[in-house]
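Please treat every number below as a calculation from the coordinates, not as lab data. Just so you know, these numbers come straight off a predicted model, no measurement behind them. With ideal geometry, Cβ positions are generated from the backbone for all residues, glycine too; neighbour counts draw on all protein chains shown.
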Amino acid sequence: MQKYITILILFYCFFNSELFAQNLNLKIIGANSYETEIIDDFDYNKNHTDYNSISNEGDLIQQQIIENGYIESIRYANKKINDSTFQIKFQLNSKYENIEIEYNKSELIENIINSVSEKSFENHFTVPFLNIEETLLLINTKLANNGFPFTKTRLSEITIKNKNTLAAYLIIEKDGKKRSLDKIIIKGYEKFPESYLKRFLKIKPEKTFNIETIKSKLNALDNLRFAQQTKEPEILFTKDSTSLYIYLQKSQSNTFDGFLGFSTNEETNKIDFNGYIDLELNNNLNYGETFNILYKSDESEQKNFEATINMPYLFSSPIGTEFSLKILKRDSSFTSVNQKANVFYQMNFKNKLFLGLEDTESSNLLNEEINTEIQDYKTKLYNLKYVFENSQNRNSLFQTKSFTSIELGIGNRKIKINSEKQEKLEVHAFHSFYLNNKNSLYIRIKASILNSNTYLENELFRFGGINSIRGFQENSILANQYLVFNTEYRYHLSNNIYAHTILDFSNFENKISNIKENLYGFGFGFGVKTKAGLLKFNFANGKTEAQNFKFSNSKIHISLVSIF
C-alpha cells in the first residue's frame, strides 16, 4: 500500500512542479511617496519565482530610471520583508530634462544638426535627455549615408550644467576616408540593360555611398515588367573599394491578348463573330524595348492594324523614341493611314513626357457623289503627351494599379487645296480602389475631342465594344467627341478567380449626323487565372436613351491574356 502511495505522490508532483516553485512578491519604492509614484509608472513585474528574477527586475528598473534622466539615482540593497516579499529602494534625486551636446563643426554639417535638434547653435545643440540614444543613432545613420558606413558616435566629458541640463562632448569615430560606390554587379540577369541602372533606377558608380537610398531606388523594380529582385542587395567592402551586388532575374513580360465576340445580327438574325489579337513583346533584345502589334476585325467589316515600337534611354540618356503605324480599312468606303513619331523624356520610373508629330492620310474608295462626307484628306498634328503608370504586385491579377494618358494635338487638315485648323484631345485614365483583400472598385475614363469647323466621316473617332462601352458592336459608334465611363465592382473569390459587375456610361456627339445622346451598358463577368493566362468572360447589354431593353442586344466576349 505504501508503494502505491509513493508512486501517486511522485506522479502528482511531476505534473504539478509549480508546488516547488516559490511565489515571491516585489515592491519597489522611492525615498518618499512622490518618488514611489514615479517608480510605479514604470509598470514593473511584481510577481517572481526566485530571487534571481527579482534582482534582474531591479536591474531593468534601474536602467529605465537612468534613461529617464535620473542619472544621480541611488539603489539600495535588496531587502527581505518576509518569506515571500522583497523590497528594493531607490533614491531618485534630481531629474535632468535636457542635454547640451558640443561638437566639432568640421565633422558635422548643418543639415544633420537641424534634423536631430530644434535648438542648434554655432558649436552645440540641445536635445531632450530621453532622446539621447535616438539622436546618436540618427547622427550615425546620417553619416553612414554620407559615405561613412562604419562611423561610431558616443558622448564623453558628461558634466552637470545646471539643475535641469547636462553637458557633453560628441565623439565621432570615422573608419577611413569617405566611401563612394565603385562598382555595380548584376547577378542572375547579367544582360540587364545598363541604361536602366543609370536612368530608371538612377544608381550610378562614383556617387557617395548611401545604402538607404540604394534600397529605396531598387523598389522601382516593382514597376518594371521584365525583371525582378530575387533577394536583398548586398555590399562588399574592401580596403579600397565598395561594390554593390544586385540579384535579379528576367521575368516573363511578353503578352498575348485576344478575344472572340459574338452577337445576333439584327438584319440577318444570324450570329456575327468578331475579335482581335494584341501581341506585346517586351525586352526581347535586352534593351528595355517594347514592340506591340494589334489586329482587329469586327462585324461591320472594319479592319484595324496597329504597330508600335518604343525604345527608351537611347545612348544611356533619359531620352527615348516611339514610332507607331495605324491602318484602318472600312469595308469598301475608305482607308486611313496614321503615323506617329515621338520623342519622350523619362522623368522618373512612373512619369513620361512626349513631344511628337502625327500624320494621317485617308483615301475615299467610293464615288464622291455617293457619300460626300467621305473625302480624301491629309492631317498633320504636333502632339504633346503625358503618361503616368503605377504598377503593383506582379503576381496579382491586375499588374497596373493606376494609369493616366493625356495627349493634345494641334495642326491642320487639308482637303484638296483647302486647309483648316484642328485640335485633338485624348484622355485615358483608370484606377483600382482596393477596399480590402476581397473587394475592389475599378474606374476608367476615356474621352476624345476633335475640334474643327467641319467634319468628315472618315476622320471621326470610332468606339464601342469590349475596350470602350460594353454591350455595343465593336467600333460601331462614330463621334467627333465622346466620353466613356466604365466601372467594375470586383469580388476576388481567390487569388486566381474574380467576378465583377459591368456598369458603363457614355455620352457622344456626331455633328455630321446631328446626334448627341447617352449610352448605357450593363452586365457581369468573371476572370480565371489559368496556366495559359487570364481567361475573361464578359456578358453585357447596351441600350440608348430612346431604346428599350432587348435581351437580343446582349454581347458575349471571351478573351485570354497570356504572359510568356
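A few notes on this one:
- Estimated vicinal HN-Hα couplings, Hz - region 191-197 in sequence order (Karplus 6.51, -1.76, 1.60; Gly, Pro = x): 8, 4, x, 4, 5, 6, 5
- Cα convex hull, the chain: 314 Å³ per residue, rounded to a whole number.
- 3J(HN,Hα) couplings calculated from phi for region 438-454 with the Karplus curve 6.51 cos²θ - 1.76 cosθ + 1.60 (θ = phi - 60°) are, in sequence order, 9, 10, 8, 10, 10, 10, 9, 10, 9, 9, 9, 9, 10, 9, 7, 6, 10 Hz; Gly and Pro show x.
- The alpha-carbon atoms of region 184-250, seen along their principal axes, cover 36, 20, 19 angstrom, with the largest extent given first.
- Projecting the Cα atoms of 44, 366, 479 onto the charge dipole of the chain, computed from C-beta unit charges around the Cα centre, puts 366 farthest toward the positive end.
- Dipole of region 392-526, positive direction: furthest Cα of 400, 454, 427, with charges on the beta-carbon: 400
- Nearest-20 debye value, the chain charge dipole, Cβ charges on Lys, Arg, Asp, Glu: 880
- With neighbours defined as other Cβ atoms within 10 Å of a residue's Cβ, the residues 557, 431, 48, 500 order from fewest to most as 431, 48, 500, 557.
- Whole-angstrom gap from region 66-91 to region 161-228, using each part's C-alpha centre: 47
- Of all DSSP beta bridges confined to the chain, the antiparallel ones make up roughly 95%.
- Given charges at beta-carbon only (K, R positive; D, E negative), |dipole| of region 145-262 in Debye: 360
- Within region 14-91: Cβ-based charge dipole about Cα centre, in debye rounded to nearest 20 (Lys, Arg +1; Asp, Glu -1): 320
- Among 275, 442, 492 the positive-end extreme of the charge dipole of the chain (Cβ point charges): 275
- Region 405-511 shape via C-alpha gyration tensor axes, a/c threshold 1.5: prolate
- With helices as the sole contributors, the chain gives -3500 deg cm²/dmol at 222 nm; each DSSP H run of n ≥ 4 counts as -39500 (n - 2.57), and the sum is divided by every residue.
- For region 101-178, dividing the convex hull volume of the Cα atoms by the residue count gives 86 Å³ per residue.
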